1. Which three lengths, in whole Å and largest first, does the chain cover when its Cα atoms are put on their principal axes?
2. Can you pull out the GluC sites (Glu not before Pro) in the range 46-127 whose DSSP state is coil and whose Cβ has at most 14 other Cβ atoms within 10 Å?
3. Taking only DSSP H segments of four or more residues, each worth -39500 (n - 2.57), what value at 222 nm results for the chain once the sum is divided by all its residues, to the nearest 500 deg cm²/dmol?
4. Using the Cα centre as the reference, give the magnitude of the dipole from point charges on the C-beta atoms of the range 39-114 (Lys, Arg: +1; Asp, Glu: -1; all else neutral), rounded to the nearest 20 debye.
5. What are the ³J(HN,Hα) couplings of the range 137-144, residue after residue, when phi is run through the Karplus curve with 6.51, -1.76, 1.60 and θ = phi - 60°? Round to Hz, x for glycine and proline.
6. With a probe of 1.4 Å, find how much accessible area the chain has per residue, and write the answer as a whole number in Å².
7. What is the range 1-87 by shape, rounded, prolate or oblate, if you read a ≥ b ≥ c off the alpha carbon gyration tensor as root eigenvalues and call it rounded for a/c under 1.5, prolate for a/b larger than b/c, and oblate otherwise?
8. For the range 39-145, what relative contact order do you get, as a whole percent, if you take Cα pairs closer than 8 Å and at least 6 residues apart?
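The values are calculated or read from the model by the stated rules, or taken from the named source; none is laboratory data. Just so you know, these numbers come straight off a predicted model, no measurement behind them. All Cβ positions, glycine included, derive from the backbone under ideal geometry; neighbour counts span all protein chains shown. Heavy atoms of the whole protein, side chains included, go into the accessibility calculation; ligands, DNA and RNA do not. Shrake-Rupley method; radii C 1.70, N 1.55, O 1.52, S 1.80 Å.
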Amino acid sequence: MRKIGKSPILLKKEIAGFIANRLQTALMREAFYLLKEGVATAEDIDTAITAGPGFRWAFTGPIEIADFGGLDTWQRVFDNVAPELDQSKQAPIIIRDLVEKGKLGAKSGEGIFTYEESTVSQKINERDRNFIKLGKLKREKEEVL
């Protein structure tokens, strides 16, 4: 795995969704809640992540971020925000409604956003080039350490 640029981890206990999918699902649940509540547009919610936590998470995980920020600070954040987070136990209604209408996202040409086939290919190509650049940058960082 390491030879192809992956970072294997040890799952110490079997759990639905494993680790990354569970963390991603928790974030997605809240993102769709914010969209449903009209807190921000889909574009702005995406930007809030790519320019904020997503940018940091490429190099620092959530546990280390909590340590860096101070666990006392994160205790206050949790105590303040956690009661307000979405507690739904199933896929958001907006996703259910769109799936029912056959609006499956990029693969059907429409979901939250509308896609043209050429735009999808272009965006995926750009995303993948950025993943490659980020992977190289992370490997360079590890070599320096």
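1. 49, 41, 32
2. Filter output for the range 46-127: GLU116.
3. It lands at -18500 deg cm²/dmol.
4. In total the dipole reaches around 340 debye.
5. 4, 5, 5, 4, 4, 5, 5, 5
6. Value returned for the chain: 84 Å² of accessible area per residue.
7. prolate
8. 13 percent
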